[in-house]
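The values are calculated or read from the model by the stated rules, or taken from the named source; none is laboratory data. Keep in mind that what you see is a predicted model, and the values were worked out from it rather than measured. All Cβ positions, glycine included, derive from the backbone under ideal geometry; neighbour counts span all protein chains shown.
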Amino acid sequence: MAGVAHLETKSESIDTRRLSRPGLVVWAAALAFVAVYGTLIVLNFRAFRIVAFDFGIFDQALWLVSRGEDPFVTVRGLHLLADHSSYILFLLTPLYWIAPHQEVLLAFSVVVLAAGAPLAYAIARRFGATGWVAAGIAVGYLLHPALAWSARDNFHPEILVIPLVLGGFLLLQHGRKAWAFSLFGLALLAKEDVALLLVPLGLYLALVMKERTVGYVLAGVATLAFIVNFAVLLPHFSPTGELLYSGRYHALGEGMTGVIAGLLTKPDVVLSTILEADRLEYVLAMVLPLPLALLEPRLLLIGGPTFLANALSAHSYQYEIRWHYTTYIVVSVALASANGGAWLSRRWVDTARVAAVIGVLVAIGFHITLAPNPITSPEQWSQPWEMGDAMQRAVDMIPDDAVVSAMSPFVPHLTHREVVYLFPTPWARQDFGEGDVVLPSSDGVDWVVVITDRYLDAQPHIQTVRDSGQFVVVMEEGAVVVMRRRSP
């Protein structure tokens, strides 16, 4: 035991001398992530490779909120808070007071994702990991394929949960309980389902880390937030008076209570679904890129409710690594990896360093295989439309205050206005509203921007607009057509 204690003391003194070097590596890796993926996503935007869903929805919502307007998002035909409980967007308004540009929001989302790396590094160090082991964990986090896909998936409010929860956890490690709880509280404002992460995290804090007050209060507040969001707030703003997405769990039951009851009364459905090959591949793709996480299964389990919610959904995006539904699981895997690396560091320093190197190599392998990186997946990034110049000229023609109906690639470039529709709305419904919501009158549309050789379902509606006699074609370059309402 004395030898072990001496070894740990010696290793700590070495780490103290060299602390800045692994820390600098982490910051350099995080900045490289921002530089690479920030540039790529902005280029995607400029190449018209970002579409109305979901970026156009959140961008228009943030623009409206930043101007004190009611956040009724005409791209989706819903109030922002009927679609999701993304109250945190109201706190992001200073971003659009200072720099109201879509590229800023996209770059900001990449910075948010990268911020998890230095936080994971600091958490691992606080747990007891050596500097280079902690650096390996942080670099592995940045290489996780889900992170690159989240960058590719543009801005979603729930990505803010990553730095908020990791930051709160780090503050708690430093004894700053009030500040930690404040960050956890902010995380609850990102989306209605954040409680799926914070309830089990609260229980972990209380039962494992012995932070009973913070842990139990967090679990209780998160449970209350979950109930209020799903039982009160979302139905209140919903045009149907009901939850909009519970249909994804129709195999379990109808509505929130039916789904919860189904979890308890239909174990055969639950088990058979989560054991399907694509669900198992999903969980392996989420955990294995950070293999040190396997050493702390208790922290991995805080991502269990999110995995269950994703795996049981009939919406396949929820159990694919390509979409933002991975966010909460990334948090649990990062925390588990930080603690797992520390556990190994405290016992076998040299083994931990070797394991950290192997972990980075494994993460590189998964990144090459699964991530949309520009080397192995160039088709995911800034592939220009052959009509890209014409598309830009079309967007440039539209006045800032005009009411416009545009096809999906144009919409994110036109969302800084009170009314923009996803064509063929309002002539025909295109992902607008829910239930029996009446379409707005087409008489209010001033401009129409379309592509005539894509989106075949919309082509008959283009002809309807042409034949109406109410619009004149002011630009037609190849397949890009811009129509303006005739003057009275």
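Assorted remarks:
- Here Leu166, Leu160, Leu119, Leu91 are screened, and the one residue that is closer than 27 Å to Phe226 by Cβ, aliphatic (A, V, I, L, M) and either in contact with a strand residue (DSSP E or B) (Cβ under 9 Å, 6 or more places away or on another chain) or not assigned by TED's automatic domain parsing to the domain that holds Trp348 (or both) is Leu91.
- For segment 292-312, residues that are surrounded by 20 or more Cβ atoms within 10 Å (Cβ to Cβ) and not charged (D, E, K, R) total 10.
- You will find that of Arg322, Arg279, the residue that is part of a loop (DSSP other than H, G, I, E, B) and not small (Gly, Ala, Ser) is Arg322 and no other.
- Selection status of Tyr325, without any contact (Cβ under 8 Å) to a residue 40 or more places away in the chain and of a type outside the set (A, V, I, L, M): yes
- Test: residue in segment 319-342 that is polar (S, T, N, Q) and over 18 Å from the mean Cα position of the chain (by Cα): yes
- Of the residues screened, Trp343 is not one that is under 19 Å from Asp278 (Cα atoms), at pLDDT 95 or above and of a type in the set (A, V, I, L, M, F, W, C).
- Leading residue by the ranking (surrounded by the fewest Cβ atoms within 10 Å (Cβ to Cβ)) among those in segment 69-110 that are under 22 Å from Leu186 (Cα atoms) and acidic (Asp, Glu): Asp70
- Extreme residue, farthest from the chain's Cα centre (by Cα), among residues of segment 37-48 that are part of a helix (DSSP H, G or I) and closer than 16 Å to Leu414 by Cα: Arg46
- Gly56 passes every criterion in (1) within 24 Å of Leu31 (Cβ to Cβ); (2) buried (at least 20 other Cβ atoms within 10 Å of the Cβ); (3) not assigned by TED's automatic domain parsing to the domain that holds Ala334 apart from (1).
- No other residue among Leu119, Leu113, Leu106, Leu92 is under 30 Å from Val411 (Cβ atoms), in a helix (DSSP H, G or I), among the aliphatic types (A, V, I, L, M) and more than 15 Å from the chain's Cα centre (by Cα) apart from Leu92.
- Wholly within segment 371-457, strands (runs of 3 or more DSSP E) carrying at least 1 residues that are under 30 Å from Gly241 (Cβ atoms): 404-406, 420-422
- For segment 210-250, residues that are in contact (Cβ under 8 Å) with a residue 12 or more places away in the chain, farther than 18 Å from Glu434 by Cα and assigned to a loop (DSSP other than H, G, I, E, B) total 1.
- Some residue of segment 198-210 being closer than 27 Å to Arg76 by Cβ and assigned by TED's automatic domain parsing to the domain that holds Gln318: yes
- Condition met for Val228 (of a type in the set (Val, Ile, Thr) and more than 26 Å from Arg298 (Cα to Cα)): yes
- Total residues in segment 172-209, condition polar (S, T, N, Q) and in contact (Cβ under 8 Å) with a residue 40 or more places away in the chain: 1
- Per the conditions (1) modelled with pLDDT under 95; (2) within 14 Å of the chain's Cα centre (by Cα), the sole criterion not satisfied by Val51 is (2).
- Checked against the criterion of being assigned by TED's automatic domain parsing to the domain that holds Trp132, crowded, with 19+ Cβ neighbours inside 10 Å and at pLDDT below 95, segment 257-272 contains one or more residues that satisfy it.
- Note on segment 122-151: residues that are under 21 Å from the mean Cα position of the chain (by Cα) and surrounded by fewer than 22 Cβ atoms within 10 Å (Cβ to Cβ) amount to 1.
- Summed over segment 192-248, residues that are over 30 Å from Gly175 (Cβ atoms) and of a type in the set (Gly, Ala, Ser) total 5.
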